[in-house]
Amino acid sequence: MNIIRLLSSIMIVLAARPVFNHSIWTNEREEFVADAGTMTVTTTLIFVSRSEVIVRSQSVMPPYPSMYVNENGEVDTNPGWESGWDSRGKYKYRHGILTISLEDGDLMELYYRKGVLVGKKYGAEMVFEKTGKTPTTN
């Protein structure tokens, strides 16, 4: 009887454990940029294996009006811009906490709660939702 209880407990723990391998998780947030407007920042976690992850960051700033008025009364528009970069790292998941150690030394700690990953960056909460799977090679 004790073996059945032990096996049941193990099955429950394993069933609750999320599988990150070959999955993609995304967070999109808006950040206010003084004198320019609202920039959209997207952070994507691409889990490429059982221990490796790529953290992809993309920032998009739409066109915004200049802070001055021309002599003719018109306001120029500054062009928008985009930037993006990837960082590689390793990850571990233990006791509901996903720890990502990036090659540049940066560390991310995210908590798995009700099917999402939750963390903080620059004092703001970041919520990552599972958005897909990475293609696997045979």
Spatially proximal lysines relative to Lys90 (Cα-Cα < 21 Å; intrachain offsets below 8 disregarded): Lys120, Lys121, Lys130, Lys133
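Taking Cα atoms of the chain, Rg/Rh with Kirkwood Rh, to two decimals? Let's see the in-between values first.
On the way: Rg = 21.0 Å, Rh = 17.8 Å.
We get a ratio of 1.18 for the chain.
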Quick one: with all protein chains in place, what share of the accessible area of the chain is carbon or sulfur, to the nearest percent (1.4 Å probe)? 54 percent
Residue-averaged 222 nm ellipticity for the chain, from DSSP H runs of 4+ at -39500 (n - 2.57), nearest 500: -3500 deg cm²/dmol
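Per residue, what volume in Å³ does the convex hull of the Cα atoms of the stretch 45-84 enclose? Don't skip to the end; give the middle numbers.
Values: hull volume 2.0 nm³, N = 40.
Hull volume normalised by residue count: 50 Å³.
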Against the longest principal axis of the chain, how steep is helix 2-16, in degrees 0 to 90 to the nearest 10, with axes from Cα atoms? 10 degrees
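What is the projected area of the convex hull of the Cα atoms of the stretch 17-88, averaged over all directions, in nm²?
Numbers: hull surface 23.4 nm².
So the mean shadow area of the Cα hull is 5.9 nm².
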Say we join alpha carbon atoms closer than 10 Å with springs in a Gaussian network model of the chain; which of Leu107, Leu45, Leu117 then has the biggest fluctuation? Leu107
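The values are calculated or read from the model by the stated rules, or taken from the named source; none is laboratory data. This one's a predicted model, so the numbers in the text were calculated from it and none came from an experiment. Accessible surface areas use protein heavy atoms only, side chains included; no ligands, DNA or RNA. Shrake-Rupley method; radii C 1.70, N 1.55, O 1.52, S 1.80 Å.
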